[in-house]
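The values are calculated or read from the model by the stated rules, or taken from the named source; none is laboratory data. Bear in mind that the values here come from a model prediction, so they are computed numbers and not experimental data. All Cβ positions, glycine included, derive from the backbone under ideal geometry; neighbour counts span all protein chains shown. Remember, those area values only see protein heavy atoms, side chains included, never the ligands or the DNA or RNA. Shrake-Rupley method; radii C 1.70, N 1.55, O 1.52, S 1.80 Å.
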Amino acid sequence: MEFATKTIHAGQPSEPETGSLIAPIFQTSTYEQESPGHDKGFNYSRTNNPTRQRLETVLADLEGVAHAALFASGLAAENAVLQAYLRPGDEIVISLDVYGGTYRILNKVFQPLGVTVTQLDASDLTKLEKAISERTRLVWIETPTNPRLLVYDIAAICKIAHARSTLVVVDNTFATPYFQQPFELGADIVVHSVTKYLGGHSDTIQGAALAKDPSIFEPIKFLQNATGAVPSPFDCWLTLRGLKTLELRMQRHEANAIAIANALKDHPLVQRVYFPGLSEHPGHEIARRQMSGFGGMVSFELNGTEEEVVSFVSSRKYFTLGESLGGVKALVCHPATMTHASIPAEARAELGLLDTLIRLSPGCENAKDLVADLLEGLERLSEQRVSRKAVAASAD
Ligand SMILES: *Cc1c(COP(=O)(O)O)cnc(C)c1O
């Protein structure tokens, strides 16, 4: 079955009792048992629910594995993976530029429990190899990264980690299984913020964790039930609906991102554009190799003051200022004060995450409108500079 067909058919037969083409939301907490311990495969909705099960089946199918576990948020999914594999005294190696919440849960929750967190540039494979000790349980990478869209070589990293019996976790939120198949490249565990492209409509918070090997998946599945951060049936149903257009949406998101990257890259008010599809992007070659497209996100550094950055992101017509990404409606964000504010300023500087960086999540709007909105904002900044200069000159 091809990708788009899977998003619509995998795990989603018509509802058998009524023939309902789209299965209803199984909004129930519990299930009737015929006799004690004899049920129809469902006994309590924290443990399992038919709507959630449908979503888990299709997600697993899209990532090319047998199992997926759904959680109430991406971070709940991450927490289950970390809890399943990290004990006091263990180490985790993470790449630079991870999602701010990933940085926070590791440094504020797991480090105080006795876990050593080593953050490094995962494109430096020699450094990575040296950083993995016998206490390293997990190597955790995100690619493309948030917010600079750096690209790491999943296959090369897996080879190094596996030689030292260390598991590799890939956060596949930005690429989605449509553009990137981490398990094919050797990943052991994949996590998702389903909130983003998979749900795709900015109307639900959800996460997922998947593993190829059943024995690696089992402790995560256990924690899904044992710690209980599960999504509601309604949220799962919304994602089942959103997922059906994943391929169409990703194609449009990418086309919009390409149009925007091209429109911004030579603009005098733009210092630098980050988009893996640009040949000058440091991860371009790896992206071409390991992805089937470049994704839908674009970031850029404004050649301007902090005040100008704030004014630009606050006054767009179609790019709503807000956290999150991956929805049909375009969003703009200022990572330094929003998504990545939990990373201390010195650490941000070390990561090369500048205060002038702006992250764009083009939606499924028409590219012409999105590009015009951005160019207009830049034009307004130029005009303001000219008029400020004129005022300063007349005051002299
Ligand atoms: C948003 C995000 C997360 C966290 O997911 P939530 O659903 O917000 O908990 C993790 N990783 C990446 C790359 C994200 O963008």
Subtracting the Cα-Cα distance of Lys130 and Arg164 from 0.36 nm times their residue separation yields 11.2 nm
Taking only the Cα positions of the stretch 98-209, the convex hull volume per residue in Å³ is 103
FRET efficiency (Arg46, Glu218; Cβ distance; R0 25 Å; to 0.05) is 0.90
Checking rank on 153-161, 21-29, with mean other Cβ inside 10 Å and highest first, the result is 153-161, 21-29
Note, the stretch 135-151: 3J(HN,Hα) by Karplus (6.51, -1.76, 1.60, θ = phi - 60°), whole Hz, Gly/Pro = x, goes 8, 6, 8, 9, 10, 10, 10, 10, 7, x, 8, 10, x, 8, 6, 5, 10
Scoring only Lys, Arg, Asp and Glu (+1, +1, -1, -1) among other residues with Cβ under 9 Å from the Cβ of Lys40 yields -3
Over all directions, the stretch 58-109 yields a Cα convex hull whose mean projected area in nm² is 4.7
Straight-line reach check, Lys212, cutoff 25 Å on alpha carbons, 8 or more apart in-chain or any other chain, hits among lysines -> Lys6, Lys159, Lys196, Lys221, Lys244
Result: in the stretch 246-395 the number of Lys pairs with C-alpha under 20 Å apart, spaced 8 or more or on different chains, is 4
For Glu184, placing the label point 7 angstrom along Cα-to-beta-carbon and taking the stretch 1-29, residues whose amide nitrogen sits under 13 Å are 1-4
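Nearest-5 percent of antiparallel DSSP beta bridges in the stretch 246-395?
85
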For 207-213, 315-321, ranked highest to lowest by mean beta-carbon neighbours within 10 Å, the order is 207-213, 315-321
Computed on Cα atoms, the radius of gyration and Dmax of the stretch 295-363 in angstrom are 11.8, 34
Heads up, the stretch 180-257 by the C-alpha gyration tensor (a ≥ b ≥ c square roots of eigenvalues; a/c under 1.5 rounded, else a/b over b/c prolate, else oblate) looks oblate
Ordering Asp97, Asp369 by the accessible surface of their heavy atoms, 1.4 Å probe, largest first, yields Asp369, Asp97
In whole angstrom, the spacing between the Cα centers of the stretch 210-233 and the stretch 79-135 equals 20
Checked the stretch 1-99 with the C-alpha gyration tensor, a ≥ b ≥ c its square-rooted eigenvalues, rounded below a/c of 1.5, otherwise prolate if a/b is larger than b/c and oblate if not; verdict oblate
Pseudo-spin-label distance Ser394 to Phe234, built 7 Å along Cα→Cβ, given in nm, is 5.7
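Return a whole-number percent for the relative contact order of the chain, with Cα pairs under 8 Å and 6 or more residues apart as the contact set. Spell out each step's value before the answer.
Numbers: 768 pairs, mean separation 64.0, N = 396.
Relative contact order of the chain: 16 percent.
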Between the residues Ser292, Val270, Ala259, the Cα farthest towards the positive end of the dipole of the stretch 243-319, that dipole coming from +1 and -1 charges on the beta-carbon of Lys, Arg, Asp and Glu, is from Ser292
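Order these peptides, 300-308, 52-60, by their mean beta-carbon neighbour count within 10 angstrom, highest first. Provide the component values of the computation, followed by the final result.
On the way: 300-308: 17.1, 52-60: 22.6.
Ranked from most to least packed, the peptides come out as 52-60, 300-308.
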In order over the stretch 319-331: 3J(HN,Hα) from phi, Karplus 6.51/-1.76/1.60, θ = phi - 60°, whole Hz, x for each Gly or Pro, gives 8, 6, 6, x, 6, 6, 6, x, x, 5, 9, 4, 10
Expressed in square angstrom to the nearest 10, the accessible area of His67 with a 1.4 Å probe stands at 80
Of all DSSP beta bridges having both residues in the stretch 3-243, the percent classed as antiparallel (nearest 5) is 40
If each part is reduced to its alpha-carbon centroid, the stretch 152-199 and the stretch 275-334 end up apart, in Å, by 21
Projected onto their principal axes, the Cα atoms of the chain stretch, largest extent first, over whole-Å spans of 91, 53, 35
On each of the three principal axes the extent of the alpha-carbon atoms of the stretch 246-395, given in whole Å and largest first, is 57, 37, 27
Length-normalised contact order of the stretch 246-395, Cα under 8 Å, at least 6 apart, in percent, tallies to 26
